[in-house]
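The values are calculated or read from the model by the stated rules, or taken from the named source; none is laboratory data. Treat the numbers as computed from the prediction; the structure is a model and nothing was measured. Cβ atoms come from the backbone with ideal geometry, glycine included; neighbour counts cover every protein chain shown.
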Amino acid sequence: MKILGIETSCDETAAAVVEDGARILSNQIASQVEIHARYGGIVPEVASRQHILSIIPILKQAMAEAEAAWSDLAGIAVTIGPGLAGSLLVGVNVAKAIALAQGLPLIGVNHLEGHIYANWLAEHSIDFPVVCLIVSGGHSDLVLMRGHGDYVVLGRTRDDAAGEAFDKAARILGLGYPGGPAIEQAARAGTASIQLPRAWLKGSSDFSFSGVKTALLRLVEGGKVSSVADAAASFQQAVIDVLVAKTVAVAEERRVKQILLAGGVASNELLRNWLAEKSPLPVLVPEPILCTDNAAMIAACGYYCLQVGKIDGLDLDVVPSLKLA
């Protein structure tokens, strides 16, 4: 069963064809990073206009790479939220047009759920229940997944998400945008020798990264940072320490069988290695290209939604602040 996935939640225009929720036949992504880098962050109006320009060429490339005709598809899966309203509207309206024209089922997908299902695109088996750490520019969530579509949110960020914190730290250190890769690259030349706070929020599985960002800002403003590389390494370590410790604690408390890692920050090498080292349970992580926003994960999620009859009507709308559970 082949599903066409469409993803336009933020600043990547993506389309992919996935077979049986696991086999990627195509995965095309048009990035807007260079466009938004000049502004130091994403400009929503610019992003939505760029999606309009890119969506049809990307769809054609995805279908051509998969060597698929419309008649080969079993459904159209599209991100409906969370994300930027203007960006989401482009993908949803195109998906609705294709579904109507081709008589195909339409499946609205939660972007965060899509990130989780990137793990089904790797060559490993998943045994429920699992704990999933979703870390991206807008989200830092700890989720218990008891089965397909069965989620309990155990913890989330109270302020800055991990990816947002990386972006702000990179701006403070003059490393540019996007912040996550910039911090990771600079950190390779430094050591985590600068003392920065960790917000443990005892008794809670929530996260908070605003304080460590503010602490870094105060050090820089006070002229107490002599090495940008050391500052980057120290900030990265502070954020990842908390992510890893809380994830492992929740997984042990809930007695799950595996830990899944998902979201753009999941492509961070230190996070991937540190979680695998500290966890007594198997840790499953998608390839880096499947951690950042892509349509293959949306198609994979759409396949499992279709299996249980989750089909939407042509009145499907975007939900920019959509929650996972």
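The residue pairs whose first member lies in the range 179-194 and is over 11 Å from A169 (Cα atoms) and assigned to a helix (DSSP H, G or I), whose second member is modelled with pLDDT of 95 or more and among the hydrophobic types (A, V, I, L, M, F, W, C), and whose beta carbons are closer than 7 Å, counting only pairs six or more residues apart or on different chains, are A186/L175; A186/V228; A186/A229; A186/A232; A187/A229; A187/A232; A187/A233.
Among the residues making up the range 195-224, those that are free of Cβ contacts under 8 Å to residues at least 12 places away in the same chain and either part of a loop (DSSP other than H, G, I, E, B) or surrounded by 16 or more Cβ atoms within 10 Å (Cβ to Cβ) (or both) are K202, G203, G222, G223, K224.
Criterion first (surrounded by 20 or more Cβ atoms within 10 Å (Cβ to Cβ), at pLDDT 95 or above and not in a strand (DSSP E or B)) does I56 satisfy it?
Numbers: surrounded by 20 or more Cβ atoms within 10 Å (Cβ to Cβ): no; at pLDDT 95 or above: yes; not in a strand (DSSP E or B): yes.
No: the conditions fail for I56.
Here the range 90-123 is the region considered, the condition is being more than 16 Å from A295 (Cβ to Cβ) and of a type in the set (A, V, I, L, M, F, W, C), and the residue that is surrounded by the fewest Cβ atoms within 10 Å (Cβ to Cβ) is A101. Selection of helices (runs of 4 or more DSSP H) fully inside the range 225-310 by the criterion of at least 1 residues being in contact with a Gly (Cβ under 7 Å, 6 or more places away or on another chain), touching a residue at least 24 places away in the same chain (Cβ under 8 Å) and crowded, with 21+ Cβ neighbours inside 10 Å returns 228-254, 288-291, 296-307. Within the set D206, D127, D167, D150, the sole residue that is among the acidic types (D, E) and over 30 Å from N27 (Cβ atoms) turns out to be D206. Scan the range 38-53 for residues that are exposed (fewer than 14 other Cβ atoms within 10 Å of the Cβ) and aliphatic (A, V, I, L, M) and jot them down. L53, the sole residue that qualifies.
Quick check on this structure: which one of L73, L84 is surrounded by 16 or more Cβ atoms within 10 Å (Cβ to Cβ) and under 23 Å from I24 (Cβ atoms)? Give the derivation first.
Numbers: L84 fails: under 23 Å from I24 (Cβ atoms).
Checking each option against the conditions leaves just L73.
Could you list, in sequence order, all residues of the range 18-34 that are in a strand (DSSP E or B) and closer than 11 Å to Y303 by Cβ? I'd like the intermediate steps shown before the answer.
As a first pass, look at the range 18-34 and keep what is in a strand (DSSP E or B): 18-19, 23-31.
The answer is V18, E19, R23.
Report yes if S279 is farther than 16 Å from K246 by Cβ and either among the polar types (S, T, N, Q) or within 17 Å of the chain's Cα centre (by Cα) (or both), otherwise no. Here the answer is no, as S279 does not meet what is asked.
The requirement of being acidic (D, E) and modelled with pLDDT under 95 is satisfied by E34.
On the stretch given as the range 311-322, residues that are under 27 Å from S31 (Cα atoms) and without any contact (Cβ under 8 Å) to a residue 40 or more places away in the chain total 0.
Looking only at the range 155-178, decide whether some residue is aromatic (F, W, Y), over 21 Å from V242 (Cβ atoms) and modelled with pLDDT under 95.
The first filter runs over the range 155-178 and keeps only residues aromatic (F, W, Y), leaving 166, 177.
Still in the list and also over 21 Å from V242 (Cβ atoms): 177.
Applying the additional criterion that residues be modelled with pLDDT under 95 yields 177.
Scanning the range 155-178, I find at least one residue that is aromatic (F, W, Y), over 21 Å from V242 (Cβ atoms) and modelled with pLDDT under 95, so the answer is yes.
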